[in-house]
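Asks: If you scroll down you'll find the structure; I have some questions about it.
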Amino acid sequence: MKKVSGIGGILSPACQLLVASLVVAAVTLSMPTAPVSLDMTHIACMVCLGIVNTGLGYYLYFSGVQRLSAQSVSICGYMEPFTALTLSAILLGESLTLLQWIGAACILGGVALSELWHPGKKG
C-alpha cells in the first residue's frame, strides 16, 4: 500500500493558524470603522500571546499527540472541558452551577469507564 504524504506534524497546525489569522485580518480590515485603536504595544502583546500561548501550546499538544495511542488522545480531548471548568473555578474564582458539577462528574465518569473497560484490549 502506497503511503500518501502531506502536511503533518507541526506544519499542519501552523498552516491552520496562518489561514485563520489571514481570515480574521481580512474581516477586520474590511470593517467600515476600526473596532479599537491599536498602538505598537498592543500589537506586540498580541503577537507575544499568539506565539507563546497559541503557538507553543499547539506545538506541545501536537507533538505529544503523535506519541500517544488513539484512546489516550480521545481521553485528553474529553478532559479539556473538565480542565477548563476546574481552572476557571480555581484561578478565576468562578462558582460552578449544579449542572456544571453534574457535567464534570459525567466527564470524569466517562474517562474512568474508558480506562477501566476495554472490551478489545488484551492484557
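What follows is calculated from the coordinates using simple rules that are stated; it is not laboratory data. Computed from a predicted structure; not experimentally measured. Methodologically, a virtual Cβ is constructed for each residue, glycine included, from the backbone with ideal geometry; neighbour enumeration extends over all protein chains shown.
Asks: Working from Cα positions, state the angle (0 to 90°, nearest 10) between the long axis of helix 70-91 and the longest principal axis of the chain.
Replies: Tilt of helix 70-91: around 60 degrees.
Asks: Taking Cα atoms, how many degrees apart are the long axis of helix 98-116 and the longest axis of the chain, rounded to 10 and kept between 0 and 90?
Replies: So the helix axis and the longest Cα principal axis differ by about 60 degrees.
Asks: Ok, one more. Please arrange 69, 63 by counting, for each residue, the other beta carbons lying within 10 Å of its beta carbon, fewest first.
Replies: 69, 63
Asks: For 24, 73, what's the fewest-to-most ordering of other Cβ within 10 Å of each Cβ?
Replies: 24, 73
Asks: Same structure again: Grab the eigenvalues of the alpha-carbon gyration tensor for the chain, scale each by 5, take roots, and send me the semi-axes largest first in whole angstrom.
Replies: In descending order the semi-axes read 35, 26, 13 Å.
Asks: When the helix-only estimate is applied to the chain (DSSP H runs of n ≥ 4, each -39,500 (n - 2.57), divided by the residue count), what is the mean residue ellipticity at 222 nm, nearest 500 deg cm²/dmol? Don't skip to the answer; put the middle values down first.
Replies: Numbers: 5 runs with 79 residues, N = 123.
It comes out at -21000 deg cm²/dmol, rounded to the nearest 500.
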